[in-house]
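Here's the structure, in structure tokens; my notes come after.
The values are calculated or read from the model by the stated rules, or taken from the named source; none is laboratory data. For clarity, every value in this text was computed on a predicted model and none was experimentally measured. Glycine gets a Cβ as well: all are built from the backbone with ideal geometry, and neighbour counts include every protein chain shown.
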């Protein structure tokens with residue numbers, strides 16, 4: 001949403017999410033997956049929502065995430081339909 005609606009670069013979105021994760025009073029579900037998704041974005045591998053979805057699926061025991069989004073194929077575990 002931030003990237004498309006406000007034209008924020010993916011790296012800036014990842015940095016802001018990382019800053020939010022550093023707030024002690026903020027509780028984040030699946031914090032390890034969120035951090036890993038931020039890392040993927042910072043490494044230029046994908047967009048944050050796609051990366052997080054794939055990582056959450058993997059943590060739930062899913063071997064792959066199916067998608068129509070060709071850009072998401074660079075994210076580990078994604079498969080193009």
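Quick one: in segment 55-70, which of the residues that are touching a helix residue (DSSP H, G or I) at 6+ places or on another chain (Cβ under 9 Å) and farther than 18 Å from residue 36 by Cα is modelled with the highest pLDDT?
67
If I filter segment 5-14 down to residues being in contact (Cβ under 8 Å) with a residue 12 or more places away in the chain and surrounded by 15 or more Cβ atoms within 10 Å (Cβ to Cβ), which single residue comes out as nearest to residue 74 (Cα to Cα)?
Step by step, filter segment 5-14, then rank; the result is 10.
Against the conditions (1) loosely packed, with under 14 Cβ neighbours inside 10 Å; (2) touching a residue at least 24 places away in the same chain (Cβ under 8 Å), where does residue 25 fall short? Just the number, please.
The single condition residue 25 does not satisfy is (2).
Could you say which residue among 51, 36, 32 is surrounded by fewer than 12 Cβ atoms within 10 Å (Cβ to Cβ) and either touching a residue at least 60 places away in the same chain (Cβ under 8 Å) or in a helix (DSSP H, G or I) (or both)? Steps first, please.
On the way: 51 fails: surrounded by fewer than 12 Cβ atoms within 10 Å (Cβ to Cβ); 36 fails: surrounded by fewer than 12 Cβ atoms within 10 Å (Cβ to Cβ).
Just a single option satisfies the conditions, and that option is 32.
With the requirement that a residue be over 21 Å from residue 28 (Cβ atoms), out of contact with any strand residue (DSSP E or B) (no Cβ under 9 Å at 6 or more places or on another chain) and assigned to a helix (DSSP H, G or I), what does segment 54-81 give you?
71, 74
What is the number of the single condition among (1) part of a loop (DSSP other than H, G, I, E, B); (2) touching a helix residue (DSSP H, G or I) at 6+ places or on another chain (Cβ under 9 Å) that residue 23 does not meet?
Single failed check for residue 23: (2).
Can you name the condition, by its number, that residue 11 falls short on among (1) over 12 Å from the mean Cα position of the chain (by Cα); (2) at pLDDT below 90?
(1)
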